[in-house]
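Enquirer: Here it is: the structure, laid out below.
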Amino acid sequence: MIQDEGSMNFLKRDRATLERFLPSLDAKLAAIPLIEIERPGNPGLATLRELEGTALLIPIEHGGKGASAVEAIQIHRAVATRSPSLAIAMTMHNFSVATLVEYLFYGDYTVELLKQISGGQLLVASGFAEGRTGTSILDPLMKATRKEGGGYLINGSKKPCSLSNSMHILTASVSVPNDSGDGARRAVAVVPADTPGLDRKPFWKSAVLGGAESDELSLTDVHVNDDQVFFPEVEESLDAVEAGGFLWFELLVSASYLGVASALAERVLAGGRGNPGERLRLAIDVEGAMAALEGVARAMQTGDRGEAILVQALFVRYSVQQAIERVSALAAELLGGMAFIGSPDVAYLLAASRALAFHPPSRLSVAPALDGYLMGKPMRVA
């Protein structure tokens with residue numbers, strides 16, 4: 001029996017959360033064919049800004065919407081069912097903003113910046129470790145050298161970098177030489193998009209997730225002031241702020257790709273494809289994965305940033321990754337060959353759902369560290 005998606009309970013809670021924080025976004029995205037909303041230059045990001053969505057994770061007292069971690073992942077899952085590209089672009093923006101919010105636990109360093117983002121509905125791109133096989137996520141992508149008279153000059157590039165065309169601010173990991181010259185420190189630099197020396201170059205050649213604007217950002221002698229650079233408290237591992245940013249990223253990116261798989265499952269349910277047992281298999285995987293993500297999110301909301309929750313977040317992320325693989329494959333099979341042939345949507349969602357495996361840290365790269373942790377060794381995020 002074919003059902004209208006609005007009458008189903010599947011995804012009802014997630015879309016209700018989205019409607020509460022960003023009224024009409026779901027309807028606006030649903031009104032645009034999937035392939036159109038996924039193309040570069042689509043109206044998704046502009047619509048997000050119109051609905052003040054860039055302030056989703058900024059505390060209410062600083063002009064934001066104050067969404068919790070649980071609410072945020074519900075929103076990301078819901079958005080991804082309509083536009084995977086927008087959900088991924090939002091992931092990079094929201095995790096960057098959430099990292100800036102993490103600094104509020106230790107002072108008012110980022111209050112004015114957060115107010116600017118909220119007041120101007122600014123989009124923030126992430127220049128952290130993405131797409132570099134065999135390197136640690138702690139290794140900065142760019143180098144910052146001290147400038148005579150104050151400030152720093154940043155050189156390097158980030159590719160791919162989502163929001164490369166629409167961003168207003170870039171947050172980037174940088175390596176800063178020690179005063180003694182015998183080493184370097186990690187830092188985070190905040191770079192306005194119109195800063196001289198910051199250029200955009202074509203990079204993303206795949207049609208999948210093209211709407212996320214994941215091209216290359218190149219920085220050549222980009223000047224930033226001292227107050228635009230933030231240093232971690234701990235050098236050899238994640239400090240509390242970095243740990244918070246890491247947790248936000250894993251939650252948001254996992255929920256977003258789970259939303260892509262949920263879009264395939266929703267088509268199966270709405271179309272009455274397969275039998276009740278097969279449809280239940282899909283629901284068990286997607287709802288079980290979402291419940292696991294919400295468990296980590298609730299722990300985060302209590303302020304937990306310790307080693308145990310970092311490990312839990314990784315186990316849950318890879319569990320979600322495996323659930324997505326099962327759900328997308330079974331859903332495509334149940335939808336059948338005619339659905340695959342008759343519309344590009346199924347093939348597109350199937351391809352987009354697999355991209356979680358490409359985000360750091362990869363399952364293979366972190367396996368030795370997780371294995372060691374299970375055996376009683378300290379966890380080292382690679």
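Enquirer: Applying the selection to segment 18-75, what residues are hydroxyl-bearing (S, T, Y) and under 18 Å from the mean Cα position of the chain (by Cα)?
Expert: First, the residues of segment 18-75 that are hydroxyl-bearing (S, T, Y): 24, 47, 54, 68.
Listed by number, the residues that qualify are T54, S68.
Enquirer: If you don't mind, another one. Looking at segment 74-102, I want the residues that are closer than 13 Å to E38 by Cβ and modelled with pLDDT of 95 or more and have a partner that is part of a helix (DSSP H, G or I) and aromatic (F, W, Y) with Cβ atoms under 9 Å, at least 6 apart or on another chain. Which pairs are those?
Expert: Within 9 Å, the pairs are A80/Y257; P84/Y257; P84/Y348; A87/Y257; I88/Y257.
Enquirer: Kindly indicate which of A323, A357 is farther than 22 Å from I35 by Cα and either surrounded by 20 or more Cβ atoms within 10 Å (Cβ to Cβ) or touching a strand residue (DSSP E or B) at 6+ places or on another chain (Cβ under 8 Å) (or both).
Expert: A323
Enquirer: May I ask you to say which residue of A357, A308 is among the hydrophobic types (A, V, I, L, M, F, W, C), free of Cβ contacts under 8 Å to residues at least 12 places away in the same chain and under 30 Å from Y373 (Cα atoms)? Working first, answer last.
Expert: Details: A357 fails: free of Cβ contacts under 8 Å to residues at least 12 places away in the same chain.
Just one listed residue meets the conditions, A308.
Enquirer: Test each condition in (1) part of a loop (DSSP other than H, G, I, E, B); (2) crowded, with 19+ Cβ neighbours inside 10 Å for A189 and report the one that comes out false.
Expert: In the conditions (1) part of a loop (DSSP other than H, G, I, E, B); (2) crowded, with 19+ Cβ neighbours inside 10 Å, A189 misses (1) alone.
Enquirer: How many of the residues making up segment 201-234 are part of a helix (DSSP H, G or I), crowded, with 16+ Cβ neighbours inside 10 Å and not hydrophobic (A, V, I, L, M, F, W, C)? It would help to see each step written out before you state the result.
Expert: So in segment 201-234, the residues part of a helix (DSSP H, G or I) come out as 210-212, 226-228.
Next, from what is left, pick out any that are crowded, with 16+ Cβ neighbours inside 10 Å: 210-212, 228.
Filter again for not hydrophobic (A, V, I, L, M, F, W, C), leaving 210-211, 228.
Qualifying residue count for the region: 3.
Enquirer: Just need a number here: residues in segment 32-52 that are of a type in the set (G, A, S) and surrounded by fewer than 20 Cβ atoms within 10 Å (Cβ to Cβ).
Expert: First pass over segment 32-52, keeping only residues of a type in the set (G, A, S): 41, 44, 46.
Subset that is surrounded by fewer than 20 Cβ atoms within 10 Å (Cβ to Cβ): 41, 46.
Adding up the residues that qualify gives 2.
Enquirer: Further question: Quickly run through segment 116-145 and pick out the residues that are at pLDDT 90 or above and not hydrophobic (A, V, I, L, M, F, W, C).
Expert: Result: Q116, S118, G119, G120, Q121, S126, K143, T145.
Enquirer: Residues that are within 20 Å of the chain's Cα centre (by Cα), crowded, with 19+ Cβ neighbours inside 10 Å and within 19 Å of K12 (Cα to Cα): does segment 276-284 have at least one? Working first, answer last.
Expert: The initial filter retains those residues of segment 276-284 that are within 20 Å of the chain's Cα centre (by Cα), namely none.
Looking through segment 276-284, none of the residues is within 20 Å of the chain's Cα centre (by Cα), crowded, with 19+ Cβ neighbours inside 10 Å and within 19 Å of K12 (Cα to Cα).
Enquirer: L310 is checked against (1) more than 23 Å from A261 (Cβ to Cβ); (2) surrounded by fewer than 20 Cβ atoms within 10 Å (Cβ to Cβ); (3) assigned by TED's automatic domain parsing to the domain that holds V253 and fails just one. What number does that condition carry?
Expert: Looking at each condition in turn, L310 falls short on (2).
Enquirer: Looking at this structure, is T195 touching a residue at least 12 places away in the same chain (Cβ under 8 Å), more than 30 Å from I37 (Cα to Cα) and either under 20 Å from the mean Cα position of the chain (by Cα) or not assigned by TED's automatic domain parsing to the domain that holds L349 (or both)? Spell out the reasoning first.
Expert: Working: touching a residue at least 12 places away in the same chain (Cβ under 8 Å): yes; more than 30 Å from I37 (Cα to Cα): no; either under 20 Å from the mean Cα position of the chain (by Cα) or not assigned by TED's automatic domain parsing to the domain that holds L349 (or both): yes.
No, not satisfied.
The values are calculated or read from the model by the stated rules, or taken from the named source; none is laboratory data. Note that this is a predicted model, so its numbers are computed, not measured. Cβ sites come from the backbone with ideal geometry, for glycine too, and all protein chains shown count toward neighbours.
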